[in-house]
Each structure stands twice: as structure tokens, then as C-alpha cells.
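Enquirer: Structure in C-alpha cells, see below.
The values are calculated or read from the model by the stated rules, or taken from the named source; none is laboratory data. On a predicted model such as this, the values are computed, not experimentally measured, just so you know. Ideal geometry is used to build each Cβ from the backbone, glycine not excepted, and the neighbour counts take in all protein chains shown.
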Amino acid sequence: MTSRFETKLTGSDRHSYRELFKRSPENPILSSKNWPYAANTVFNPAATMYKGKVLLLARVEDRRGFSHLTKAVSDDGISNWVIDDKPTLEPDPDNFPEEEWGIEDPRITWVEELNKYAVVYTAYSKGGPLVSMALTDDFENFEKLGPIMPPEDKDAALFPKKINGKWLLIHRPIPAHHVPGAHIWISRSDDLKYWGEHQILINARKGGWWDANKVGLNTPPLETPEGWLILYHGVRQTAAGAIYRLGLALLDMENPFRVIRRSDEWVFGPQELYEREGDVDDVVFPCGWVYDEKTGEIKMYYGAADTCIAMATTNIKDLLEYIKKCSEPK
């Protein structure tokens, strides 16, 4: 039986969807107009639940062009945001020189073994972007661990627990200019600092695909009964510029190095005016989602056109029903 958001395509095991993610009618829910201090743009927020409330750690670009991270908290995750009146996590180039040109695009993972939240973010160094990590238990005090991947690398998030005795990190190294394709990688570590056993996890396709040539992780991996659910972006180059859209993948629970399913089609893309026009046109870019285990609802928070923050909802049942009917990657 075909679900309410799928229609079989003749001669193919690919599926189309209808409104897998539903945009909030309140969108955009946050922008620089809401900020308590001067900012150019506010976008690409990490998201988590903290003390029963939705907490966003937003990327804020100042009027120099450099970014820092600021906390916003809401009871319902849509309205009445309480925003820190100064940056929550700032670059510290004196002690961490890799942060000289700002920090951006965080992902938050609650790590029960550490009893702390891991914030993995991109630090922009003179040598290019790289992956850094900080730990916190209150989103006021942060222990910076420094860079955990060399440049150029970004779009990283930590798994919430050790698997087979090791920590796992998904990230996206940027290859040398003469090497085609920017793929999503996965790596292992014993101590969260030094990483190895690197392997391509999701490759960028070739040709006319929506996710050809360049892909990257969006939200942290979500543990489900069917495996680790991954939300990632693909970048389509057109004559008018790049278009950032989202797709899904499912990883094996015990061996996340193995991709079980991958969507052929994109499941969410720029459509509304606030997603189509901004500092960078045609971009939807989530760095966080919040899952309510009681209701199955997922709130996905995303940067729109690198200018504001928007939110869309979905349901874990619908996502799993969709991805399980997608192709096994070759």
C-alpha cells in the first residue's frame, strides 16, 4: 500500500514524497531583528532539549563578516525566545588560533557517558575551515578541546555513545582542487581528540543528481529502532548558482560504517521566499533537530538563505517508512 507521502515511479524503486517536512506558519522564527545586539544575520542553529525547553545555539554573523554562537531558549520551540544578550560562545584566537576568522555551524550531542553536551563546530582558520569541539553541562561554561580534524573539514557531528568501544564522528573533508567530489566521511577515536580509521560514508553522486559532486552532514545522527537516521545536504550547481537541498540515509545500528538505505530524491529544499532570497540564495541548512519520543514529532531547525532561522516538523514514523522504501546504495 502506498503511503500518504509516496507514489511509486514506474520502472524504478525510487519514490516521490508529499510534505514529509511541514514548515511552521510562524517562519522565519528568528532573525537579526529579534537579536538583543547588532548582527548581520542569524542562521544554521544547533538544537537540543535542555531542562525541558528547546535550546538553539545559533550562528550569528557580525558586521565584520565573522561568526560566533549565541543561545536562544523557548518553551515551545517556536515563540517567546529568550536570547543571550551577548555571544554565548565566542572565538578565542589568543588561545585557539584556528578560530581567528570565527566559529560557525555547531551541532549538539548529549553524551551520557560524559554527562555533558558535545558541541562540534567549524573553526575558520587562516588555513581554511576545520572541525573543533567543546564540552558543556550548562551552556554557559565551555571546555574547548581545540581542533579534532585538520583543514579543510567541516559539517561534523558526534554519535551520542561509543560503538564497539570507540567514539564515532561524521564529517566532510574538502579534497584538493584537482580531486573531484566532496564526500561524507566517518572516523573513529579512543579519546575524542585523535581520529583515525577514516572511511567514506556517503559519496557525492555524479552527473545531474541533486546531490552530485558535494554532500555534507546536517543534523547529528538520530538513534531509531531501524538504525541511525542521517539528514544530509546535497549541492546542485546551476547556471544561476548553487541550490542546497536535503536527503536522508539510514546507517546500520551496530556498524554505522554501513549505509542501509539512501534516498534518491531530495526531501526538502528551498521553496519559500525567505529560503530563496538572502545573503546566500536557495539554501536550507539545518544543524539540529529535536525528537519527542512520546509523540514521535521531530522539530528541524534550519538556516534559510544564510539569513534567518526557520523550523519544520515531521514524524519519526513517516521518516522511517519513507527511508525503508528507498534503495540500498550500490
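Enquirer: Only residues that are under 14 Å from Phe159 (Cβ atoms) and in contact with an Asp or Glu (Cβ under 7 Å, 6 or more places away or on another chain): list them for segment 239-257, please.
Expert: At the first step, the residues of segment 239-257 found to be under 14 Å from Phe159 (Cβ atoms) are 251-257.
Answer for segment 239-257, where residues must be under 14 Å from Phe159 (Cβ atoms) and in contact with an Asp or Glu (Cβ under 7 Å, 6 or more places away or on another chain): there is none.
Enquirer: Here's something else I'd like to know. Restricting attention to segment 168-178, does a residue exist that is out of contact with any Phe, Trp or Tyr (no Cβ under 7 Å at 6 or more places or on another chain), at pLDDT 95 or above and surrounded by fewer than 17 Cβ atoms within 10 Å (Cβ to Cβ)?
Expert: Looking for residues that are out of contact with any Phe, Trp or Tyr (no Cβ under 7 Å at 6 or more places or on another chain), at pLDDT 95 or above and surrounded by fewer than 17 Cβ atoms within 10 Å (Cβ to Cβ), one finds none in segment 168-178, hence no.
Enquirer: Sticking with this structure for a sec: I'd like the full set of residues that are outside any strand (DSSP E or B), under 25 Å from Gly207 (Cβ atoms) and hydrophobic (A, V, I, L, M, F, W, C), limited to segment 150-194.
Expert: Residues of segment 150-194 outside any strand (DSSP E or B): 150-152, 159-162, 164-165, 174-181, 183, 190-194.
Those left that are additionally under 25 Å from Gly207 (Cβ atoms): 152, 174-181, 183.
Residues satisfying the conditions are Ile174, Ala176, Val179.
Enquirer: Could you tell me whether Leu250 is under 22 Å from Leu56 (Cα atoms), touching a residue at least 40 places away in the same chain (Cβ under 8 Å) and not in a loop (DSSP other than H, G, I, E, B)? Break it down into steps so the answer makes sense when it comes.
Expert: Values: under 22 Å from Leu56 (Cα atoms): no; touching a residue at least 40 places away in the same chain (Cβ under 8 Å): yes; not in a loop (DSSP other than H, G, I, E, B): yes.
No; evaluated as a whole, the condition is false for this residue.
Enquirer: Next question, about the same structure. Among the listed residues Ile174, Ile230, which satisfies the condition of being among the aliphatic types (A, V, I, L, M) and closer than 26 Å to Tyr322 by Cβ? Reasoning before the result, please.
Expert: Details: Ile174 fails: closer than 26 Å to Tyr322 by Cβ.
Selected residue: Ile230, the only one of Ile174, Ile230 that is among the aliphatic types (A, V, I, L, M) and closer than 26 Å to Tyr322 by Cβ.
Enquirer: Give just the number: which of (1) without any contact (Cβ under 8 Å) to a residue 40 or more places away in the chain; (2) surrounded by fewer than 18 Cβ atoms within 10 Å (Cβ to Cβ); (3) over 24 Å from Trp110 (Cα atoms) does Asp190 not satisfy?
Expert: Unmet for Asp190, out of (1) without any contact (Cβ under 8 Å) to a residue 40 or more places away in the chain; (2) surrounded by fewer than 18 Cβ atoms within 10 Å (Cβ to Cβ); (3) over 24 Å from Trp110 (Cα atoms): (3).
Enquirer: Determine which single condition Tyr194 fails, assuming it passes every other condition in (1) at pLDDT below 95; (2) more than 23 Å from Arg236 (Cα to Cα).
Expert: Going through the list (1) at pLDDT below 95; (2) more than 23 Å from Arg236 (Cα to Cα), Tyr194 breaks only (1).
Enquirer: Any chance segment 226-242 includes a residue that's in a strand (DSSP E or B), without any contact (Cβ under 8 Å) to a residue 40 or more places away in the chain and of a type in the set (Val, Ile, Thr)? Let's see the steps before the verdict.
Expert: So the first thing to find is which residues in segment 226-242 are in a strand (DSSP E or B), and the list is 227-238, 241-242.
From what's left, without any contact (Cβ under 8 Å) to a residue 40 or more places away in the chain: 227, 234-238.
Checking which are of a type in the set (Val, Ile, Thr) leaves us with 235, 238.
There is at least one residue in segment 226-242 that is in a strand (DSSP E or B), without any contact (Cβ under 8 Å) to a residue 40 or more places away in the chain and of a type in the set (Val, Ile, Thr).
Enquirer: Now for a different question. Take the conditions out of contact with any Gly (no Cβ under 6 Å at 6 or more places or on another chain) and surrounded by fewer than 18 Cβ atoms within 10 Å (Cβ to Cβ) and apply them to Gly65. Does it pass?
Expert: Yes; evaluated as a whole, the condition is true for this residue.
Enquirer: When you check Arg258 against the structure, is it of a type in the set (Lys, Arg), out of contact with any strand residue (DSSP E or B) (no Cβ under 6 Å at 6 or more places or on another chain) and either over 29 Å from Pro25 (Cβ atoms) or surrounded by 21 or more Cβ atoms within 10 Å (Cβ to Cβ) (or both), yes or no? Steps first, answer last, please.
Expert: Values: of a type in the set (Lys, Arg): yes; out of contact with any strand residue (DSSP E or B) (no Cβ under 6 Å at 6 or more places or on another chain): yes; either over 29 Å from Pro25 (Cβ atoms) or surrounded by 21 or more Cβ atoms within 10 Å (Cβ to Cβ) (or both): yes.
The answer is yes for Arg258.
Enquirer: Among the hydrophobic types (A, V, I, L, M, F, W, C), touching an Asp or Glu at 6+ places or on another chain (Cβ under 6 Å), closer than 23 Å to Leu55 by Cα and crowded, with 23+ Cβ neighbours inside 10 Å: is that true of Val119 in this structure?
Expert: Working: among the hydrophobic types (A, V, I, L, M, F, W, C): yes; touching an Asp or Glu at 6+ places or on another chain (Cβ under 6 Å): no; closer than 23 Å to Leu55 by Cα: yes; crowded, with 23+ Cβ neighbours inside 10 Å: yes.
Criteria not met by Val119.
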